[in-house]
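Okay, so here's the structure we're looking at.
The values are calculated or read from the model by the stated rules, or taken from the named source; none is laboratory data. All values derive from a computational prediction rather than experimental measurement. Backbone-built Cβ (ideal geometry, glycine too); neighbour counts: all protein chains shown. Accessible surface areas use protein heavy atoms only, side chains included; no ligands, DNA or RNA. Shrake-Rupley method; radii C 1.70, N 1.55, O 1.52, S 1.80 Å.
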Amino acid sequence: MRLPGSPLPALLLLLCTAAPRCLGATTDEADPNVLRPGDHQKTSELTTKHSVTEFSSSVNSNVVVEKPTTIELSCELSGSEAKIKPPIEVIWMHGEENINSTEFAINNTESKWHTWYKFDVSDSSKLGNYTCIFKSTLEAKAIFNLKVPKVKGGDKPMVSYERDTVVMKCDAAKHKPVEWIWYRNEENNKVALNDSLMSSKYEITRKHANESKLHIKELSGNDSGLYSCEAVFLVGKSQGNINLSVLSYMVPLKPFLVIVAEVIVLVSIILVYEMHNKKKKARAGEDEKEAEQSVHLKPEDTNGVESDTTRQRKV
């Protein structure tokens, strides 16, 4: 839809008016304007504002939706300095598809253009990116990302040992899913653990609505792998992942055993060397004694021969 009128100003102001909160707005758990599950009769309007000063720029806004509600997305282009000459075309898109111009509204004055799109979010098909575009020679646009609350799984891989018990936790911050489902990822398949008959192996607890815990008992090496927790909201699903590594008790002992083996080898080499030196010294001592004995025997043997010869001559 094109807008005739005065030259195009340079400021784009985005407004998100919706029943759930918009990310970036400051809220508190006791805030009466924040919708909670079960507050079907409560209505609220929270606003997130963004602005750009160049028409080649774009701004982004996240809108968190956890239950069916009515959303109103609003974009405003205003300013005092003329940048681009009209006409101006206003476009709304959901993903890659254009939204029919009869479904959104436009209002413009001499210094401001304002457009808004109001619709019902009843299921996941209404989530995704919504973009408003003010288009002329150049364009200014804003992107609203409608999504269910994010689920936090494991930031780091979990490490445990065989025969131990491990507890995995997922939470959705202040949001309250209607259901939690745990999966174990095996190659390209996801195996649901909620309906598992192995109650002695897996246990799922939910002390609070916004969190869920998976207990895995009697761990073995086969339990290593990727686990997923899925939070089911009324308008869609969100997933968190936890990677588990199960180690044998021999694994932490390996460095110690290697050190012990090296020490044993070193001590053995030292003992063999010492024994060899002792034997060498003992042989050297025996050789010295034999040499000394031979030196003492030679004069005695000579004297005996001479005396016998002298006696014979006298006779």
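Figures for the structure shown
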item	result
Largest-first ellipsoid semi-axes for segment 136-245, taking √(5λ) over the Cα gyration tensor eigenvalues, angstrom	33, 16, 12
Solvent-accessible area, 1.4 Å probe, carbon plus sulfur percent, for segment 214-274	71
Å² per residue, accessible surface of segment 142-217 at 1.4 Å	60
Cα lying deepest toward the dipole's positive end in segment 166-280, options 168, 234, 265, charges on Cβ	265
Exposure rank, largest accessible area first [249, 202; 1.4 Å]	249, 202
115, 70, 137, ranked by accessible area, largest first (probe 1.4 Å)	137, 70, 115
Solvent-accessible area, 1.4 Å probe, carbon plus sulfur percent, for segment 97-136	38
Loop-located GluC sites (Glu not before Pro) in segment 203-254 whose Cβ has at most 12 other Cβ within 10 Å (DSSP)	218
Long pairs among 67/118; 141/237; 126/237; 118/176, criterion Cα-Cα beyond 19 Å	141/237; 118/176
Sorted peptide list for 263-274, 172-183, 149-160, criterion being average Cβ within 10 angstrom, highest first	172-183, 149-160, 263-274
